[in-house]
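The values are calculated or read from the model by the stated rules, or taken from the named source; none is laboratory data. Note that the structure is predicted; figures quoted are calculated from it, not measured. Don't worry about glycine lacking a Cβ; one is built from the backbone with ideal geometry, like all the others, and counts go over all protein chains shown. Just so you know, the surface numbers come from the protein's heavy atoms only, side chains and all, with ligands and any DNA or RNA stripped out. Shrake-Rupley method; radii C 1.70, N 1.55, O 1.52, S 1.80 Å.
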Amino acid sequence: MRPGRLVLVAGTGTDVGKTWVSARLLTALRAAGATVAARKPAQSFDPADDPGGFDSALLGAASGEASERVCDPSRWYEIAMAPPMAADALGRGRFTAAQLVQELTWPAPAVDVGLVETAGGVRSPQTHDADVVDLTTLLAPDVVLLVADAGLGTLNTVRLSVDALTGRAPVVVVLNRYDRNDDLHRRNRRWLTEEDGLTVVTWPGAEEVLAALLHEK
């Protein structure tokens, strides 16, 4: 049961704030009257982490779903590595993109917006045979939200990531931790929009705007 609009959240790297952006977006969508669901195909974490801080728990709190519904516990890997690497380290066997896609189930009736949050950066392995780019091809989302840090180095990482995703889905760049008083942040935004012609929103502050865009009928 495919959602009315399928959104894939990717990042230019690890710790750029994908989960934080996703959770705030889900909250804004619900506030706007949209029905939502969130999915994390696989997640890895430090075994000492508080389960309440797992990506699946944070996404579930925002979407109104159980953590186990957001990410099946069979895809929880208690070692901080890319999911297939973690599976290898834990001796849990190989898994494929086809398996992950088959495991992604959505509520019925179809929700207005379904959000899939990937792990790591655009070329980070998600399975033993696929990275985020491959998963994007298989899922065919209506839009990819590419979360990036607003500071130094973001032009390179955004350009590389967008190039890798070209032709697979429209991409909206989310400059996270954006400070409008920071000259570099402003210049990065201007370059990405004016020189590269990309669609860019800044975060926080664009939650309602992006929610309205994704909830368009």
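Order the peptides 115-127, 147-159 from the highest to the lowest mean number of other Cβ atoms within 10 Å of their residues.
Going from most to least packed, we get 115-127, 147-159.
To the nearest 500 deg cm²/dmol, what mean residue ellipticity at 222 nm is calculated for the chain from DSSP H runs of n ≥ 4 alone, each contributing -39,500 (n - 2.57), summed and divided by the residues?
-10000 deg cm²/dmol
How much of the accessible area of the chain, in percent, comes from carbon and sulfur atoms when a 1.4 Å probe is used?
52
Using the Cα centre as the reference, give the magnitude of the dipole from point charges on the C-beta atoms of the stretch 67-217 (Lys, Arg: +1; Asp, Glu: -1; all else neutral), rounded to the nearest 20 debye.
The dipole of the stretch 67-217 has a size of about 160 debye.
What does DSSP give for the stretch 89-209 in terms of the percent of beta bridges that are antiparallel, rounded to the nearest 5? Display every interim value, and only then the final one.
Details: 2 of 12 bridges.
Here the antiparallel bridges make up roughly 15 percent for the stretch 89-209.
Which value, in debye to the nearest 20, gives the size of the charge dipole of the stretch 20-95 about its Cα centre, when Lys and Arg are +1 and Asp and Glu are -1 at the Cβ?
360
Give me the 1.4 Å probe accessible area per residue for the chain, excluding ligands and nucleic acids, in Å². Could you put the intermediate results ahead of the total?
Values: 9990 Å² over 217 residues.
Value returned for the chain: 46 Å² of accessible area per residue.
Considering only the chain, what is the antiparallel percent among its DSSP beta bridges, to the nearest 5?
On the way: 2 of 28 bridges.
Antiparallel bridges: around 5 percent, rounded to the nearest 5.
Give me the orientation-averaged projected area of the Cα convex hull of the chain, in nm², one decimal.
11.6
When the scattering of the stretch 79-119 is computed by the Debye formula from its Cα atoms alone, each counted once and equally, what is log10 I(q)/I(0) at q = 0.15, 0.18, 0.27, 0.33 Å⁻¹?
Each listed q maps to, in turn, -0.51, -0.67, -1.00, -1.16.
With just the Cα atoms defining each centre, how far is the stretch 90-112 from the stretch 1-49? Give it in Å.
Distance between centres, Cα-based: 15 Å.
Lys/Arg Cβ at +1, Asp/Glu Cβ at -1, dipole of the chain taken about the Cα centre: which of 161, 213, 144 is farthest positive-ward?
Projecting each Cα onto the dipole axis, the largest value belongs to 213.
I'm a student and want to see the number: the projected area of the Cα convex hull of the stretch 91-140, averaged over all directions, in nm².
Mean shadow area of the hull around the Cα atoms is 4.2 nm².
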